[in-house]
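The values are calculated or read from the model by the stated rules, or taken from the named source; none is laboratory data. These numbers come from a predicted model, not from an experiment. Don't worry about glycine lacking a Cβ; one is built from the backbone with ideal geometry, like all the others, and counts go over all protein chains shown.
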Amino acid sequence: MKKITSIIVLIFLSVVLWGQSNEKTSIDETIKYQIGTDLSSLYRNLLKPNSSTNSFLNAPYVFIFKGMKNNRAFRFGIGADIKRAVSDENQPDTIIQNSIRVRMGFEKQKKVSKRWQINTGIDLKFSSTKMDDSNNNTFNSESQTYGISPLLGVQFQLTPHLFLQTEASFNLYYQYNYFESNFDITFPNPFPSSLGRDIKTFGGNITIPNALLLVVEF
């Protein structure tokens, strides 16, 4: 019940703020750009400096870009994971997981004070993940996710050209997963077997403000 209520509130606020008139806001026809990066991987590494998993570019969206005009913006984001982990010290298994995430959409911006701004909008999202095990007798998987996400965010102005941003979103998605596992049965007789399975899922969830973006405007 709490999850359903949160979804309704998020969608309601997004619709209300998107539909509000800008009659009292001065129109700025100047095209501005923002580029930024997610700081969350930085403080995650500070909290877990001795993690057994080596990760590169481990963040929801490492880089973001916005082109803005008259309180509206085109937005683009990209992120990736490259992880390598040893499953067991006594086994030669090395698990490698690669993933990439891309989002693209539009947002509307509304200043609520001199330094604070609220953003509402919608993104189209795509992600792809592949996991391989160096031991062919174990487990491999692939997945692709396609989705659409209404969003609600806030922005704080540190300086005239430097900002902090975060946001929450409600995600509707379609996900395709493929799993494959190979087993070598050596008793009573050698009998290799390969098992594959695919799963298709439709679903929804809420992404809480788990990323902190440092953004430069020019």
Go through S113, S143 for me and flag whichever is under 19 Å from D81 (Cβ atoms) and small (G, A, S).
S143
What are the pairs, 6+ residues apart or on separate chains, where a residue within segment 196-208 that is more than 14 Å from K125 (Cβ to Cβ) has its Cβ under 7 Å from a residue that is among the hydroxyl-bearing types (S, T, Y) and at pLDDT 90 or above?
D198/Y176; K200/Y176; F202/Y174
Look through segment 107-133, keep the residues that are small (G, A, S) and assigned to a strand (DSSP E or B), and return whichever of them is surrounded by the fewest Cβ atoms within 10 Å (Cβ to Cβ).
S128
Residue hits (segment 110-124; over 21 Å from P60 (Cβ atoms) and either in contact (Cβ under 8 Å) with a residue 40 or more places away in the chain or touching a His at 6+ places or on another chain (Cβ under 6 Å) (or both)) are K110, K111, K114, R115, W116
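A quick yes/no check of all residues on (1) at pLDDT 95 or above; (2) touching a helix residue (DSSP H, G or I) at 6+ places or on another chain (Cβ under 6 Å):
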| residue | (1), (2) |
| --- | --- |
| N119 | yes, no |
| D123 | yes, no |
| K130 | no, no |
| N140 | no, no |
| P150 | yes, yes |
Out of everything in segment 189-218 that is within 24 Å of D38 (Cα to Cα), not in a strand (DSSP E or B) and not aromatic (F, W, Y), what residue ends up being modelled with the lowest pLDDT?
N210
